[in-house]
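The values are calculated or read from the model by the stated rules, or taken from the named source; none is laboratory data. Source: prediction; values computed, not measured. We place every Cβ from the backbone using ideal geometry, glycine too, and count neighbours over all the protein chains shown. The accessibility values were calculated without ligands, DNA or RNA, using every heavy atom of the protein model including side chains. Shrake-Rupley method; radii C 1.70, N 1.55, O 1.52, S 1.80 Å.
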6 protein chains.
Amino acid sequence: MIRPSDRMPDELRKIELEINVNKHAEGSCSIKCGDTHVICTATIEDKVPKWIKDTGEGWVTAEYGMLPRSTDIRMDRESKKGQAGRTHEIQRLIGRALRGGMDLRILDGFQIKIDCDVIQADGGTRTASITGGFVALYLACQKLLKEEKIAKNPVKAFVAAVSCGIVQGEPVLDLDYVEDSNAGTDANFVMDENGGLIEIQGTAEHGTFDKEQLSQLMVLAEKGIKELVALQKKALGI
Amino acid sequence: MIRPSDRMPDELRKIELEINVNKHAEGSCSIKCGDTHVICTATIEDKVPKWIKDTGEGWVTAEYGMLPRSTDIRMDRESKKGQAGRTHEIQRLIGRALRGGMDLRILDGFQIKIDCDVIQADGGTRTASITGGFVALYLACQKLLKEEKIAKNPVKAFVAAVSCGIVQGEPVLDLDYVEDSNAGTDANFVMDENGGLIEIQGTAEHGTFDKEQLSQLMVLAEKGIKELVALQKKALGI
Amino acid sequence: MIRPSDRMPDELRKIELEINVNKHAEGSCSIKCGDTHVICTATIEDKVPKWIKDTGEGWVTAEYGMLPRSTDIRMDRESKKGQAGRTHEIQRLIGRALRGGMDLRILDGFQIKIDCDVIQADGGTRTASITGGFVALYLACQKLLKEEKIAKNPVKAFVAAVSCGIVQGEPVLDLDYVEDSNAGTDANFVMDENGGLIEIQGTAEHGTFDKEQLSQLMVLAEKGIKELVALQKKALGI
Amino acid sequence: MIRPSDRMPDELRKIELEINVNKHAEGSCSIKCGDTHVICTATIEDKVPKWIKDTGEGWVTAEYGMLPRSTDIRMDRESKKGQAGRTHEIQRLIGRALRGGMDLRILDGFQIKIDCDVIQADGGTRTASITGGFVALYLACQKLLKEEKIAKNPVKAFVAAVSCGIVQGEPVLDLDYVEDSNAGTDANFVMDENGGLIEIQGTAEHGTFDKEQLSQLMVLAEKGIKELVALQKKALGI
Amino acid sequence: MIRPSDRMPDELRKIELEINVNKHAEGSCSIKCGDTHVICTATIEDKVPKWIKDTGEGWVTAEYGMLPRSTDIRMDRESKKGQAGRTHEIQRLIGRALRGGMDLRILDGFQIKIDCDVIQADGGTRTASITGGFVALYLACQKLLKEEKIAKNPVKAFVAAVSCGIVQGEPVLDLDYVEDSNAGTDANFVMDENGGLIEIQGTAEHGTFDKEQLSQLMVLAEKGIKELVALQKKALGI
Amino acid sequence: MIRPSDRMPDELRKIELEINVNKHAEGSCSIKCGDTHVICTATIEDKVPKWIKDTGEGWVTAEYGMLPRSTDIRMDRESKKGQAGRTHEIQRLIGRALRGGMDLRILDGFQIKIDCDVIQADGGTRTASITGGFVALYLACQKLLKEEKIAKNPVKAFVAAVSCGIVQGEPVLDLDYVEDSNAGTDANFVMDENGGLIEIQGTAEHGTFDKEQLSQLMVLAEKGIKELVALQKKALGI
């Protein structure tokens, strides 16, 4: 099988991470995965949600948006019709994923909001948001450390995410839009730098999948996430 | 480890399925999983969503709601504040899961809407909605068949769902609310009667999980779903 | 005239009241009036609405909802399109009716919310909500008394409600959906156990009605409400 | 008992009806009842609501609004927060009341919308809206007749409305705001010019009321509505 | 060129200002400019918006609404569909304009809200709202002064507004609806009584305009606003 | 006076225009004015708004949004709370401005939507949106021409916009955020390449301004817009 992008089955798209792309944010990262482009910014707030108060923990949350023409067919602005179910589902996933790499007790008293805005979409916007969002989050934590507002780094382990899928019967890594539309099974993996699973979401679009196939996808995901973490660290110069 | 409900690690809660509980609906099923109680009704519409037209397929979708006092702390009605992100996420999952057992081409021209309303919640409302909702869906298909509006049964395979989790280090089947709140890892499995995976969603609430643990959970899920499918068929008298 | 349900003109439908149907609520009652089925739950809050503060009184309020397929034609969820005018009108009526039996000064500092959710509708859902809701309210008051949060029973007199109407020229008690659709005049009565009127709402659907007819309906209503109060007390074992 | 306004118990407030107060509307009427001031306009539409189509009838509906400073304490605009339950309840009442005087079959194909906007409120805004709104509706019907769009006058009988209440134990007619706030029982009556009842809504604000009291209020209402209909006809010059 | 209203190019429509038209408001003014009719009421609040706190200043703001049948074609109520962009734009303009004549430091601790509700529209509703709204604002300030809640008059200079436009190539003052619809260029001017500009908004509806034309319009506006301020003062008896 | 950015009073910020920055849109342009960064995309639709049908004209409209962290203080997403008044005001201005350079008759049957999304804000986002948006619009027109969907170029004249203001008593061109916050008078000018005015909006933030000052600002604006048009053409290679 030849992939539409001529990539090998286990090959990521070209990934570009650029930090400090926003003069206002406490941390920011632009991530391009092929033609998918997401801008991630971190905002530090010195108050936490009501339900986290008095738990001795801080909080990390995420919001996700798409520019109207980030897609081939223009989407109506959600400011005109309210947030879609898909948006809610994605931003809840991003939040859970980012928190998976954090020791929230160190963030006690602070909330960090990661905004992930899709400038251009070509598949994998939610996984790109997690990978890029974690870099913005890391930068915000560094800022808190530098200003001595927290005692030590709340980042326990780097977190990244990637999609895998079974396309024309073959497991492939990092689906672009064309592949995603044709995949029989599509799974998103969130892992930390040690290979620990934080979240797995696998869906059979047509038919079903079995344990064996899930294992094959997981092997691809581990490889991809390892590479993504290396790129995160390189962008951060660490 | 002793479970709060005194169950064995691989033991489902007491499941009660009752069909035809609503005089208006084209199919209906009440499902109780322990103290979790969901009423599922099927509505047949002879028109399909705009984006499904001219595809030669019909559609199955789901909506999910909770009565205000289905929970320990009363929830505000979503009719007053709009549907929460969690609601969107759950009803999208239910819809995908139900479609996983259907041959939508046979439903061409029809949409079946499954409403899943939680009367009382004690963990596992989304998986109960899938298991009970599929029974309501089955009944609606039977009605279409009987009325000769469709040529053959669109149900390819029965679909059911269950949650599993790692509680105090031990994998257990079918979490109730107390277990769910304390689980380190929590996963929902949707499978068909042949053991084919339709959806898997696993999340590490604290820490991470590994492939080995995921496999253990999947073994439990297979056992539980097999039992649930048997109960679905028994309730339907087939 | 023969009623569609074969009932006598002054005969209630079969009424079934069941208490404590919800494990979470501070009081609960399931009420079935023929094929109409409403679940009523009471929630005690230890704060009162802003405008009731410093009046030396507590408050009782109600909310009303219908499951999408409680009706013959599926209704859209109000969580998707906001609460309809009819919903507002009904829940305001239920609240006023329930307060009519209460000494709110004894409830000072507390609000009790009665949720009335229609599982299945066949006419008379608002009056069933009042009759069943008062039982849930009574139970919540008992709980407050038992926990010594209030000094004496705030229930002054039991409250129940019923509809009457003029169908094919004849006054009849407790209309079901078919009768309601064909009634020339339709009136809802809320009374306490002593026959005191709390609310009367009479509407001529076609033509007008006169004082004499109103009196006839009131005689029916008194009989019906007397029977309903007896059933409320029986369900409560008092 | 001396009424705050020095009126006799069976005396209406000073009523001023002025027609054709709006250059754009197909019918309009300004009504002042003491310090309560409502502007009513009629809009003719040559299409009917979807659910009235093919019934051989037209439709009459009403909308109700209050200017923010029509009240002593400024109210937030409903355009900012959505229509309140009270608004829905009132405009549904106005619509039903106006339809009570109409032969809708003659209006087949047309909808007449009556907008009732409260410029200043001092009690009785809903009954003033009905009384003034019917005049605007009458004018719109005349216009349809004149333009030969309908064959005969759809007005079967004039409709007006008034409130009565029991204040300090005494039945009085046409409550102003101060009386309304202190009334033990408050009832709104809608009648046609022949004394036929179209709607009655009676509520005990404190305690209950009995049949005898209801009869006393009805006598007052009949007197008031007779006078109001005379004033409607005088304003219309008929 | 003969204007539709037979006015001279530099002639205002007939202006009628009436004060104290509302018994509840802290200041009120009815303004008629030809067939345009706006009711302006002032509400004094003894709290300021959050973002104005601790600035040592008070605040003046405005809200704008139109009755549904103020226009030739009935408009849907904004309470049913939310405030339109045009409404936002206009009420922001009115607020800025009114503040332009005020020393907000004297109002420290108070907010005055000016509600401008259009009873009938025939062009120029936003400028009428400013001219009438300023009179209501003046009266509210007088009330604060009288009650010794503020030390001196916060009105620095009277503010009024008028539209001008180029119709059929000729600059004219105070456009009515017909002229407004046909104007090539349309400009709204807000000035104080000393001729100081507070706001200018000029738009070319078709083609463009040049500096010379803008100057001609400004000359007309100065004349009109001078006359309007004289009428404001006359209505106030100062 | 030394400007915060060390610019001369009549000096624009550094302007960067880049075309074809989006692979999906029918035209796109990224514009940077100093630290203000806006992405403008054009979407061609082959249907027009209802109210433009049968007029023989096409339509050009605009929408405007800001990323949450485009500003120093994070803004809530409008998808969560609805579009603010400021957003409505700005996007209406952008639409009017863009249409000012177009012959809409040539666009008959088409609507072009220009989305202007602010990636980073530092003053002048609405004028940057107009200047950049016109380039995207031009590209979309070229595409329609190339595909022979329209017969000739609907662009009559290039349109650009710039703000001017009086800061510390001195008129300056192209305010950045710091200057904008301190300006006594602030005006936005939209002109075409021939110096024709399309829109002028001038506001006195404190005090008032006079005709002389307005003239000075207009001279600056003419100079700036001339330079901006040259940059637009250069970016387009024409």
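One table, with the values for the structure above:
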| quantity | calculated |
| --- | --- |
| FRET efficiency for E:Trp51 and A:Lys146, using Cβ-Cβ distance with R0 set to 35 Å, rounded to 0.05 | 0.70 |
| Other-copy label distances relative to C:Leu236, 7 angstrom Cα-Cβ extension, nm | 4.5, 5.1, 6.3, 6.3, 7.9 |
| Nearest-0.05 FRET efficiency for B:Gln168 and C:His206, computed from C-beta distance (R0 56 Å) | 0.25 |
| Value of relative contact order over chain B, rounded to a whole percent, pairs C-alpha under 8 Å and six or more apart | 22 |
| Average projected area [Cα convex hull, the range D:80-129], square nanometres | 4.7 |
| Length-normalised contact order of the range E:52-102 in % [C-alpha pairs under 8 Å, at least 6 apart] | 47 |
| Relative contact order (%) - criterion: Cα under 8 Å, at least six apart; region: the range A:5-53 | 26 |
| 5 angstrom amide H check on B:Gln120, placed H, neighbours 5+ away | B:His37 |
| Exam field: F:Val219 pseudo-label spacings to other copies (7 Å along Cα-Cβ), nanometres | 2.2, 7.7, 8.8, 8.8, 9.7 |
| Straight-distance crosslink candidates among aspartates and glutamates, where the alpha carbon sits under 12 Å from A:Lys80 and sequence neighbours closer than 8 are dropped | F:Glu63, F:Glu78 |
| Cα-based shape type of the protein assembly as shown, given that a ≥ b ≥ c are square roots of the gyration tensor eigenvalues and the cut on a/c is 1.5 | oblate |
| The range A:1-31 residues near the modelled A:Lys234 label - backbone nitrogen below 16 Å, point 7 Å along Cα→Cβ | A:11-19, A:30-31 |
| Residue-wise HN-Hα coupling along the range A:101-109, computed from phi with Karplus coefficients 6.51, -1.76, 1.60 (Hz; x: Gly, Pro) | x, 10, 9, 5, 5, 5, 8, 2, x |
| Listed residue pairs exceeding 26 Å between alpha carbons, taken from F:Lys32/F:Lys233; E:Lys47/E:Lys146; B:Lys32/C:Lys146 | B:Lys32/C:Lys146 |
| With all protein chains modelled, accessible area of F:Arg92 [1.4 Å, Å²] | 90 |
| Compactness of the range F:179-238, expressed as Rg and Dmax over alpha-carbon positions, Å | 13.5, 44 |
| Cross-link reach list, aspartates and glutamates versus E:Lys14, counting only Cα pairs under 18 Å and skipping chain neighbours closer than eight places | E:Asp6, E:Asp35, E:Asp122, E:Asp174, E:Asp176, E:Glu179, E:Asp180, E:Glu222, E:Glu227 |
| Cut-off of 10 Å, at most 14 other beta carbons, DSSP loop: longest stretch of chain E lacking such GluC sites (Glu not before Pro) | E:1-146 |
| Positions from the range D:32-68 whose accessible area shrinks by 20 Å² or more when the full protein complex is built, not the chain alone, probe 1.4 Å | D:Asp35, D:Ile39, D:Thr43, D:Glu63, D:Leu67 |
| Whole-percent carbon and sulfur share, accessible surface of chain C, 1.4 Å | 47 |
| Rg/Rh for chain A, where both radii come from Cα atoms and Rh is the Kirkwood radius | 0.97 |
| Among A:Gly124, A:Ile114, A:Leu175 the positive-end extreme of the charge dipole of chain A (Cβ point charges) | A:Ile114 |
| Gyration tensor (Cα) of the range E:74-176, equivalent ellipsoid semi-axes in angstrom | 29, 19, 11 |
| Whole-number accessible area per residue in Å² for chain F, which is evaluated in the context of all protein chains at 1.4 Å | 40 |
| Estimated vicinal HN-Hα couplings, Hz - the range F:161-174 in sequence order (Karplus 6.51, -1.76, 1.60; Gly, Pro = x) | 9, 7, 9, 9, x, 10, 10, 6, x, 10, x, 9, 9, 6 |
| Summed buried accessible surface, chains F and E, 1.4 Å probe, nearest 100 Å² | 2300 |
| Label spacing, shortest first and in nm, from F:Thr71 to its equivalents in the remaining copies (7 angstrom along Cα→Cβ) | 2.7, 2.9, 3.1, 3.1, 4.2 |
| Neighbour-limited loop hits for trypsin sites (Lys or Arg not before Pro), the range D:1-37 (at most 15 other Cβ within 10 Å; DSSP other than H, G, I, E, B) | D:Lys14, D:Lys23 |
| Computed over the range C:1-101, Cα set: Rg, Dmax in Å | 17.1, 55 |
